[in-house]
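Here's the structure we're looking at; comments come further down.
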Amino acid sequence: MAGRGRTLRERISDRLRRLDSRLHINHGRRSEWFWVIPLAGFAVTAAILIVAGAMTGVWAAEYIPTALIEGLVIAGLFLACLSPDAAPADGGPGDRGPDTEPSPAPPQFDPTVWVALLADSDVDAMPSDVDDYARRPVTVTSSSSLN
């Protein structure tokens with residue numbers, strides 16, 4: 001029995017290492033533990049959605065596919081976040097930090113553009129009825145609205 005369990009563990013480990021090499025991921029000798037996080041994310045997400053669907057009484061054909069798809073999305077997000085960053089292809093700065101060159105200056109503000117745009121518009125600078133609204137007293141229509 002111990003020999004059979006060991007061969008199963010080795011087979012799983014070998015398959016995961018082949019998957020790592022196919023995806024160009026190098027996690028060293030502990031590659032199996034890297035895959036536990038996405039698998040656990042899938043299992044927990046799917047389990048939560050299946051239990052929630054079963055508790056609400058929804059038809060199983062509605063919540064089981066949704067749970068599986070959501071579980072795959074979460075597992076994929078975990079996988080994407082845990083995989084190493086690709087090296088810069090063009091020999092750029094990479095992770096050296098910020099550039100030493102100053103950033104370019106912003107363009108100069110040209111007010112003549114705005115003056116020309118506003119001169120062409122038919123909008124008054126200030127509406128004539130603004131003073132009427134400012135002078136009107138505020139009245140409360142119902143005392144029940146204050147309670």
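The values are calculated or read from the model by the stated rules, or taken from the named source; none is laboratory data. Just so it is clear, the model here is predicted, and its values are computed rather than measured. A quick note on method: Cβ atoms are made from the backbone with ideal geometry, for glycine too, and the neighbour counts reach across all protein chains shown.
A few comments on the model shown:
- A search for C-beta distances below 8 Å between a residue of region 61-78 that is over 13 Å from V44 (Cα atoms) and in contact (Cβ under 8 Å) with a residue 12 or more places away in the chain and any residue that is of a type in the set (A, V, I, L, M) and assigned to a helix (DSSP H, G or I), counting only pairs 6+ apart in sequence or on different chains, returns Y63/L49; Y63/I50; Y63/A52; Y63/A54; I64/I50; T66/L49.
- Test result for L19, among the hydrophobic types (A, V, I, L, M, F, W, C) and either modelled with pLDDT of 80 or more or farther than 16 Å from L79 by Cβ (or both): no
Condition check ((1) modelled with pLDDT of 75 or more; (2) touching a strand residue (DSSP E or B) at 6+ places or on another chain (Cβ under 6 Å); (3) part of a loop (DSSP other than H, G, I, E, B)) across all residues:
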| position | (1), (2), (3) |
| --- | --- |
| E62 | yes, no, no |
| I69 | yes, no, no |
| I74 | yes, no, no |
| F78 | yes, no, no |
| C81 | yes, no, no |
| G91 | no, no, yes |
| P104 | yes, no, yes |
| Q108 | yes, no, yes |
| S145 | no, no, no |
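- In the condition set (1) among the polar types (S, T, N, Q); (2) at pLDDT below 75; (3) surrounded by fewer than 16 Cβ atoms within 10 Å (Cβ to Cβ), S31 is compliant with all but (3).
- Residue selection: T45 satisfies the criterion of being modelled with pLDDT of 65 or more and part of a helix (DSSP H, G or I).
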